[in-house]
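Worksheet: the structure to be examined is printed underneath.
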Amino acid sequence: MSQQKNNAVIAGGLLFTVFLWGGSNAGTKWLVASWPPIWTGSIRFICAGFLLLAALRWTSWLGENRPLTPELWRQLWLRGGLSLALYIVVFNWALRLTAVSHVALYLGASPVWNLLWEERPQRTRASLRRYGAALLAVAGVVVLFWPSLHTTQLSVIGELLGLAASVLWANFGHQSRFLSERLGGAEVAAHTMWMSGIALMPFAVVEVALRGMTVNFDSLGVLGFCVVFGSVIAYALWNNALRRWRASQVVLFNNLVPLSTMTWAYFFLHEPVTPTFWAAMILIVAGVVLGQANWAKIFGMPEGF
């Protein structure tokens, strides 16, 4: 296969991944409307984590499956599993209380929070560019959040939880990068998923006992979609792209996830598109692209830019 055709296949796989993640976000929104949020996150991650482990053990789709040292076990639990568990609890509650397209858009800003996390302001063009990107993203968050101040209290709490989920996702990304220095990306994802699910299960059982839940074919079908298509297949495609393209190229496709989520939510959940969504998306995506794109290679600028 020629390089051009190979790149087209990779790009198509990434677009399909974005499509699946949008559907998974909308599906999770549908689930948490009737299922307890902690239970939903716990059972999804347990199923997805063990399926990913099975794929690592019995196939070569996701790379190697290496034995874990006691130190790696400890790091995976403390840095990966617990940080992912905290994120999914906040994320699922945000979905329950506000529009899923808003939550996805807040998550879209998380790469900018990572940029701020990793580098203090400096008197360089690169630092100016990164902090300009952060200002654009913050402006998008303000545009998205502002109308909720004039509506219900639950909406305000939901928007705040969506913003908190964005910061927690940035933290999980930071922890994953540390773990990925010792393990492959698929291994990190598989172990942190099942570990976070197990860590949440005691709370999930209490939540089910207190709130109750209804299980039917529709809910099991949506859960299956989120696990198989939204986690395992999507991650296999994403990991395949990371093995062939630069990470900066692949990550830019994340900017399309809010649009995919909004489309799924509009057609399948009948969730209206809020007036501020498009303006906020333009600002946040512009901030992420400004902060993450390799401008030195695109425009032949000096490496420090």
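The values are calculated or read from the model by the stated rules, or taken from the named source; none is laboratory data. Because the structure is a prediction, the values reported are computed rather than measured. Counting neighbours? That spans all protein chains shown, and the Cβs are built from the backbone with ideal geometry, glycine included. Areas reflect the complete protein model, heavy atoms only, side chains present, ligands, DNA and RNA absent. Shrake-Rupley method; radii C 1.70, N 1.55, O 1.52, S 1.80 Å.
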| request: Out of Leu97, Leu116, report the one residue that is at pLDDT 70 or above, open to solvent by 40 Å² or more (accessible area, probe 1.4 Å) and touching a helix residue (DSSP H, G or I) at 6+ places or on another chain (Cβ under 8 Å). | output: Leu97
| query | Thr261: of a type in the set (Ser, Thr, Tyr), in a helix (DSSP H, G or I) and either open to solvent by less than 20 Å² (accessible area, probe 1.4 Å) or modelled with pLDDT of 85 or more (or both), yes or no? | reply | yes
| field | Test: Leu237 is assigned to a helix (DSSP H, G or I), open to solvent by 50 Å² or more (accessible area, probe 1.4 Å) and of a type in the set (A, V, I, L, M, F, W, C) | value | yes
| request: Determine the pairs where a residue that is under 13 Å from Ala286 (Cα atoms) and part of a helix (DSSP H, G or I), located within region 120-149, has a partner that is polar (S, T, N, Q) and modelled with pLDDT under 65 with Cβ atoms under 9 Å apart, the partner being 6 or more residues away or on another chain. | output: Ala133/Gln292
| Inside region 1-84, counting only helices (runs of 4 or more DSSP H) that do not spill past its ends, which hold 3 or more residues that are in contact (Cβ under 8 Å) with a residue 60 or more places away in the chain? | 3-32, 37-58
| From the set of residues in region 194-224 that are more than 20 Å from Leu84 (Cα to Cα), hydrophobic (A, V, I, L, M, F, W, C) and within 25 Å of the chain's Cα centre (by Cα), which is surrounded by the fewest Cβ atoms within 10 Å (Cβ to Cβ)? | Leu220
| note | Checked region 168-184 for anything out of contact with any Pro (no Cβ under 9 Å at 6 or more places or on another chain), part of a helix (DSSP H, G or I) and crowded, with 18+ Cβ neighbours inside 10 Å; matches are Leu168, Trp169, Asn171, Phe172, Gln175, Ser176, Leu179
| said: Can you report the number of residues in region 53-79 which are surrounded by 12 or more Cβ atoms within 10 Å (Cβ to Cβ) and either of a type in the set (Lys, Arg) or touching a Cys at 6+ places or on another chain (Cβ under 9 Å) (or both)? | reply: 2
| said: Please determine whether any residue of region 135-148 is in contact with a Pro (Cβ under 6 Å, 6 or more places away or on another chain), surrounded by 15 or more Cβ atoms within 10 Å (Cβ to Cβ) and at pLDDT 75 or above. | reply: no
| field | Answer from Leu68, Leu56, Leu76 - the residue that is of a type in the set (A, V, I, L, M) and farther than 18 Å from Phe178 by Cα | value | Leu56
